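First up is the structure itself, then whatever we jot down about it.
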Amino acid sequence: TVGAVNVIPDHITMESYVRGATLDAIKAANRKVNRALAGAAAAMGARVTITDRPGYSPVCNDNNMYDLTRRVMTAIAGEENVELSSHWDTGCTDMGDISCVFPAIHPSGSGAVGRGHGDDYRIADKESALTLAAKFLCGMCAGLLSDEAKEAKHILENKHTPYASIKEYLAVMDEITADIDGVVYNENGAQLNF
């Protein structure tokens, strides 16, 4: 850490991340960020080592799981207490990775107040946040497994995941993983290593 103005350090470490609606969009944006870092380093005659590691994948909610969730929550809480939203947002969780290969959904419930991940976040309504959530999980299990798992079989047979298998998904994660010297210097000058 540099504690004075106009001091140019010998070494800087920076951490950032790229989010997007698809892994292809994330890879494309990440490439642009890496090129910008390498270009800035080359412009100053500096070196840059780029270490890319995949983070959470975007959540891909399964439409059939979404429909089951709506039916279960309506039965438990009443239609007037169920708010449906299928919009995509920039939040991230490991459910995104799961949804890349398995039919999944990432529902949320009420009962908490404060900023998400903030120091003021707390459970204000235990009935809604805890009891209703437990009822929902039991309802989903019953919905999936009743009638010889008819609903679960239907969801699995009609899944639309971004990747057909775990192996295919992991191959994409391997493509994202990289350790790169962003600039290569030779007798002709600096060359971006992308």
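The values are calculated or read from the model by the stated rules, or taken from the named source; none is laboratory data. These numbers come from a predicted model, not from an experiment. Ideal geometry is used to build each Cβ from the backbone, glycine not excepted, and the neighbour counts take in all protein chains shown. When the accessible area is computed, the model is the full protein with side chains, heavy atoms only, and any ligands, DNA or RNA have been set aside. Shrake-Rupley method; radii C 1.70, N 1.55, O 1.52, S 1.80 Å.
Please work out which residue is surrounded by the most Cβ atoms within 10 Å (Cβ to Cβ), limiting yourself to the stretch 48-77 and to residues that are aliphatic (A, V, I, L, M) and within 22 Å of G91 (Cα to Cα).
We begin by selecting, within the stretch 48-77, every residue aliphatic (A, V, I, L, M); these are 48, 50, 59, 65, 68, 72-73, 75-77.
Add one more test, that the residue is within 22 Å of G91 (Cα to Cα), and what stays is 59, 65.
Numbers: V59: 21, M65: 23.
Ranking the qualifying residues of the stretch 48-77, first place goes to M65.
Under the condition of being modelled with pLDDT of 85 or more and of a type in the set (D, E), which residue from the stretch 84-110 is nearest to A21 (Cα to Cα)? That would be D97. Looking across the stretch 101-148, just one residue is of a type in the set (K, R) and either assigned to a loop (DSSP other than H, G, I, E, B) or open to solvent by less than 60 Å² (accessible area, probe 1.4 Å) (or both), and that is R115.
Which members of the stretch 36-47 meet the condition of being closer than 15 Å to M14 by Cβ, part of a helix (DSSP H, G or I) and open to solvent by 40 Å² or more (accessible area, probe 1.4 Å)? Answer for the stretch 36-47, where residues must be closer than 15 Å to M14 by Cβ, part of a helix (DSSP H, G or I) and open to solvent by 40 Å² or more (accessible area, probe 1.4 Å): A36, L37, A40, M44. Scan the stretch 79-90 for residues that are loosely packed, with under 14 Cβ neighbours inside 10 Å and either closer than 30 Å to A164 by Cβ or in contact (Cβ under 8 Å) with a residue 12 or more places away in the chain (or both) and jot them down. Within the stretch 79-90, L84, S85, S86, H87, W88, D89, T90 qualify.
Run down T13, T22 and say which single residue is open to solvent by 60 Å² or more (accessible area, probe 1.4 Å) and farther than 30 Å from G143 by Cα. Steps first, answer last, please.
Values: T22 fails: farther than 30 Å from G143 by Cα.
Exactly one residue qualifies, and that residue is T13.
When K167 is tested against (1) closer than 19 Å to V59 by Cα; (2) surrounded by 12 or more Cβ atoms within 10 Å (Cβ to Cβ); (3) basic (K, R), just one condition goes unmet, and that condition is (2).
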